[in-house]
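Data first, discussion second: the structure below is written as structure tokens.
The values are calculated or read from the model by the stated rules, or taken from the named source; none is laboratory data. From a predicted model like this one, the values you see are computed outputs, not experimental measurements. When we count neighbours, we look across all protein chains shown, and the Cβ atoms used for this are built from the backbone with ideal geometry, even at glycine.
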Amino acid sequence: MAWIGLDWGTSSLRGARFDEQGAVLEERAFARGILTVPKRGFAAVFDELFGDWMRPAGTRCLISGMAGSQQGWIEAPYCACPASLDELVARLAWIEAGRIAIVPGLSCEHSGAPDVMRGEETQVFGALRLLDIDRGTFVMPGTHSKWIQVANGRIEHFATLMTGEFYALLRRHSILARTLPDDDVALVDAAFDAGVAHALRGPGLLQSAFSVRTLSLFERLPLQERPSYLSGLVIGEELRTRDPSGGEQLIVIGDDALMRRYERAFAQRDVRVRSVGAQATWNGLFSIAKRIGA
């Protein structure tokens, strides 16, 4: 039985074709996130971009990510934490029975308010398979960063932090934007480290963020270093609120540029980090596929 996996997010669409052991035979990527697809256009986009992969008899497809949201192909259910691979398999949302399914997201509660994820759960289970572990703290940087606790192969709990979104808001739509260069510039390590350090010892982002303006006002922070300093502030605030302990091992899943920033930030807390890249998604989807076959 042949399998393909799709990671269908808000702004991008990636696909992979697997062999019987889960190795990736071929990958494709398109700027066709769910926001670019008309309300009833998902089947047509899927057939246009991956129809040739689906033609061999018996081929199945698993889809993770925002394709299962209210704005996606169909709305897939949320599984309440704690949840294992078996719970995900039991709650798959089948678009075509026995042929195309969407992986459900996960939900949990924080002080009476719900939290949710879509797609990250697949990456976590993929990282467990890649690293041959069944527990750990997983950090997934991004627009909405996730901190995920795993024990005995089950996702027990998680928290979402709007780190990347707050950076973008401060960078483009606050008074601080007037002191920052118009274009994005390369990361300046020393300025980023200074931002992290200030956040870790400070009283919170509502106060520490103003230091971007005051350091600029007194010419103590060069123009090209200010975005790096601001990035350090918001990532440092994330670490301050989560408070990882020295000696604790965390697994960071994400793209290389973001993982590098988080590794530098964690170093200031003496926290050991293992990194996993994009292959976590494919390993997670194939792990789910194997459970369906079983």
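Some points to look at:
- Taken over region 259-294, the criterion of being under 30 Å from TRP3 (Cα atoms), among the aliphatic types (A, V, I, L, M) and part of a helix (DSSP H, G or I) is satisfied by MET259, ALA280, LEU285, ILE288, ALA289, ILE292.
- With respect to the conditions (1) closer than 19 Å to LEU35 by Cα; (2) in contact with a helix residue (DSSP H, G or I) (Cβ under 8 Å, 6 or more places away or on another chain); (3) among the aliphatic types (A, V, I, L, M), LEU92 lacks only one, and its number is (1).
- Qualifying residue in region 224-236 (condition: of a type in the set (A, V, I, L, M) and surrounded by fewer than 21 Cβ atoms within 10 Å (Cβ to Cβ)): no
- Subset of region 186-223 that is β-branched (Val, Ile, Thr) and outside any loop (DSSP other than H, G, I, E, B) - its residue that is surrounded by the fewest Cβ atoms within 10 Å (Cβ to Cβ): THR214
- Of all residues making up region 237-276, the number that are surrounded by 15 or more Cβ atoms within 10 Å (Cβ to Cβ) and of a type in the set (Gly, Ala, Ser): 3
- Filtered residues of region 26-41 (kept if surrounded by 18 or more Cβ atoms within 10 Å (Cβ to Cβ) and in a helix (DSSP H, G or I)): ILE34
- Looking across region 77-92 at every residue that is among the small types (Gly, Ala, Ser) and part of a strand (DSSP E or B), the one that is farthest from ARG154 (Cα to Cα) is identified as ALA80.
- Filter result for ALA31 (hydrophobic (A, V, I, L, M, F, W, C) and under 22 Å from GLY126 (Cα atoms)): no
- Any hit, region 42-64, residues being under 26 Å from HIS110 (Cβ atoms), within 19 Å of the chain's Cα centre (by Cα) and in contact (Cβ under 8 Å) with a residue 40 or more places away in the chain: yes
- Residue in region 244-252 that is aliphatic (A, V, I, L, M) and in a loop (DSSP other than H, G, I, E, B) present: no
- Test: residue in region 173-190 that is touching an Asp or Glu at 6+ places or on another chain (Cβ under 9 Å), more than 30 Å from ALA80 (Cα to Cα) and of a type in the set (S, T, N, Q): no
Conditions tested, residue by residue: (1) of a type in the set (Ser, Thr, Tyr); (2) under 16 Å from TRP8 (Cβ atoms); (3) modelled with pLDDT of 95 or more; (4) assigned to a helix (DSSP H, G or I).
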{"position": "ALA43", "(1), (2), (3), (4)": "no, yes, yes, yes"}
{"position": "ASP47", "(1), (2), (3), (4)": "no, yes, yes, yes"}
{"position": "ALA57", "(1), (2), (3), (4)": "no, no, no, no"}
{"position": "CYS61", "(1), (2), (3), (4)": "no, yes, yes, no"}
{"position": "GLU75", "(1), (2), (3), (4)": "no, yes, yes, no"}
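- Among residues of region 155-171 that are closer than 25 Å to GLU87 by Cβ and free of Cβ contacts under 8 Å to residues at least 60 places away in the same chain, those with a beta-carbon under 8 Å from a residue that is surrounded by fewer than 18 Cβ atoms within 10 Å (Cβ to Cβ) and aliphatic (A, V, I, L, M) at least six positions away or on a different chain give the pairs THR160/VAL116.
- Any hit, region 235-258, residues being over 30 Å from GLY65 (Cα atoms), more than 16 Å from the chain's Cα centre (by Cα) and at pLDDT 95 or above: no
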